[in-house]
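Visitor: One structure, as structure tokens, below. Some questions next.
The values are calculated or read from the model by the stated rules, or taken from the named source; none is laboratory data. As the structure is a computational prediction, the values presented were derived from the model and not from experiment. Cβ coordinates were reconstructed from backbone atoms using ideal geometry, including for glycine residues, and neighbour counts include every protein chain displayed.
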Amino acid sequence: MHRHAEGRARPRSGSADTLGFICSDDVYAGEKDHLIGSFNRCDCGDEYVDHHTLFCVHNERAGLNHVSFEVPDVDAVFKDHEYTD
């Protein structure tokens, strides 16, 4: 966890800071003082990054929901999906 400006815990892993992720969006349950999740993306400086790569959430149990990979085109998706099965 790391603390944001209001002093409340932000749902982020220490690895997010270590690996250089920056926050893209926050997720709230009701009011903005009830932060429950944080979408994070790679900090590539001036290079445009169009999708979050890490979502951290407050939860009762630890786990992994999904993993995404950036690929050059749709052909790579169909060709390479067998490597992840």
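Visitor: Those residues that are touching a residue at least 24 places away in the same chain (Cβ under 8 Å) and either surrounded by fewer than 11 Cβ atoms within 10 Å (Cβ to Cβ) or in a loop (DSSP other than H, G, I, E, B) (or both), I need them from the range 27-85; list them, please.
Guide: Asp33, His52, Thr53, His58
Per-residue answers, yes or no, for (1) modelled with pLDDT of 80 or more; (2) touching a helix residue (DSSP H, G or I) at 6+ places or on another chain (Cβ under 7 Å); (3) charged (D, E, K, R); (4) on the phi < 0 side of the Ramachandran plot:
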| site | (1), (2), (3), (4) |
| --- | --- |
| Asp43 | yes, no, yes, yes |
| Tyr48 | no, no, no, yes |
| Thr53 | no, no, no, yes |
| Val57 | yes, no, no, yes |
| Glu60 | yes, no, yes, yes |
| Asn65 | no, no, no, yes |
| Pro72 | yes, no, no, yes |
| Ala76 | yes, no, no, yes |
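Visitor: Condition first: out of contact with any His (no Cβ under 8 Å at 6 or more places or on another chain) and either of a type in the set (Val, Ile, Thr) or within 11 Å of Ile22 (Cα to Cα) (or both). Now tell me which residues in the range 39-54 satisfy that.
Guide: Cys42, Asp43, Cys44, Gly45, Val49, His52, Thr53, Leu54
Visitor: To continue, here is another question. All but one of (1) in contact with a Phe, Trp or Tyr (Cβ under 9 Å, 6 or more places away or on another chain); (2) at pLDDT 85 or above hold for Glu31; state the number of the condition that does not hold.
Guide: All conditions are met except number (1).
Visitor: List the number of the failed condition for Gly37; all other conditions in (1) modelled with pLDDT of 85 or more; (2) in contact with a helix residue (DSSP H, G or I) (Cβ under 9 Å, 6 or more places away or on another chain); (3) not basic (Lys, Arg) hold.
Guide: Looking at each condition in turn, Gly37 falls short on (2).
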